[in-house]
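Below you'll find the structure, written out as structure tokens, and then a few comments.
The values are calculated or read from the model by the stated rules, or taken from the named source; none is laboratory data. All figures in this text were calculated on a predicted structure; none of them were measured in a lab. Cβ placement follows ideal geometry from the backbone for every residue including glycine, while neighbour counts extend to all protein chains displayed. Side chains are part of the model used for accessible areas, which takes the heavy atoms of the whole protein and leaves out ligands, DNA and RNA. Shrake-Rupley method; radii C 1.70, N 1.55, O 1.52, S 1.80 Å.
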Amino acid sequence: MKTIKAAISILLFSSLSAIAADLPSIKSAPIAAPAPIWTGFYAGLNAGGVWNNNNNVNIYTWPTKPLIGYFTTSAPLNGGISSGSSLGFIGGGQVGYNLQAALVGFNFVVGLEADFQGLANSKNTRQSPFSALTLTFSGHTQFPTDSLTRVTTSLSYLGTVRGRAGFLATPSLLLYGTAGLAYGEVNVGLDLYQHFGAAQGSGYSSHNSTPVGWTAGGGAEWLFLPNWTAKVEYLYYDLGYLQTNANFIAWSSPGAQLTYASQGTTQFTGNIVRAGVNYHFNFASAPVVAKY
């Protein structure tokens, strides 16, 4: 009897082992994909629009040499001329570095970015209407004259070095603010013209400079593919004031002439709205499914 029971047990164990060997193996569930990692270097391109603020060109003009003491006059034109606002195209590139950190339950991203872009159609010219001026000869005879002033402003290129700080609204959407240093090549030209009877005179001065100012703004950046982000951004920039000086002869005769000095000062400020793409060099790699 015991021998029969032992034989049955061996038979059952062998059958179960064979059935188990034929069953498919069970693998563990895939590991969830990690959240995007924003830490690391990136580089990209940008393009958009720029419009300069309508800043006045403040002009002050004064006589520097009267006609042998006979002619006296006040300044032909003092005041401001609107430089107007102009819309242009801006395009260039940027490089930067991000650092992502978890704090109080939120993912924050801080970093540093530098960009450089050229501008097209940023030149703007405005002129004053003719203004009346009276020259006085020998203290009693007066001669009417006409004066005209034209100013030209332009911004050739613009660069910034800015800090960025923001938070991840979702693992793939960064909202940020930015501020820092701005610099650019600016030019202001001053063109003067005066007509007196059959005589006339003119003068021109142009000054070019690369001032350093500040910029601030904000934007949003979206991870739409591994290692690739797209962004939209607004920046306000202020490059400070630029001044140019001109001298010109308003009226002349043999042995005598009347000369003027004129000074124009304007501020360079404006706005940028642009879009761009960035390639991030060390984003997280694609998730790996564990194998057993």
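Among the residues of the range 121-167, those that are at pLDDT 65 or above, of a type outside the set (D, E, K, R), open to solvent by 70 Å² or more (accessible area, probe 1.4 Å) and part of a strand (DSSP E or B) comprise Gln127, Phe167.
On the basis of being within 30 Å of Leu45 (Cα to Cα) and modelled with pLDDT under 90, does Phe268 make the cut? Show your work before the answer.
Details: within 30 Å of Leu45 (Cα to Cα): yes; modelled with pLDDT under 90: yes.
Against the criterion (within 30 Å of Leu45 (Cα to Cα) and modelled with pLDDT under 90), Phe268 qualifies.
Do we have Thr178 as of a type in the set (Val, Ile, Thr), under 25 Å from the mean Cα position of the chain (by Cα), modelled with pLDDT of 90 or more and open to solvent by less than 40 Å² (accessible area, probe 1.4 Å) here? Here the answer is yes, as Thr178 does meet what is asked. For the range 68-85, the candidate set comprises residues that are open to solvent by 70 Å² or more (accessible area, probe 1.4 Å) and not in a strand (DSSP E or B); within that set, the residue that is modelled with the highest pLDDT is Ser85. Selection within the range 86-104: residues that are of a type in the set (A, V, I, L, M) and either modelled with pLDDT of 95 or more or not in a strand (DSSP E or B) (or both). The member of this set that is least open to solvent (accessible area, probe 1.4 Å) is Val95. Restricting to the range 192-210, count the residues that are modelled with pLDDT of 80 or more and surrounded by 15 or more Cβ atoms within 10 Å (Cβ to Cβ). So the answer is 2.
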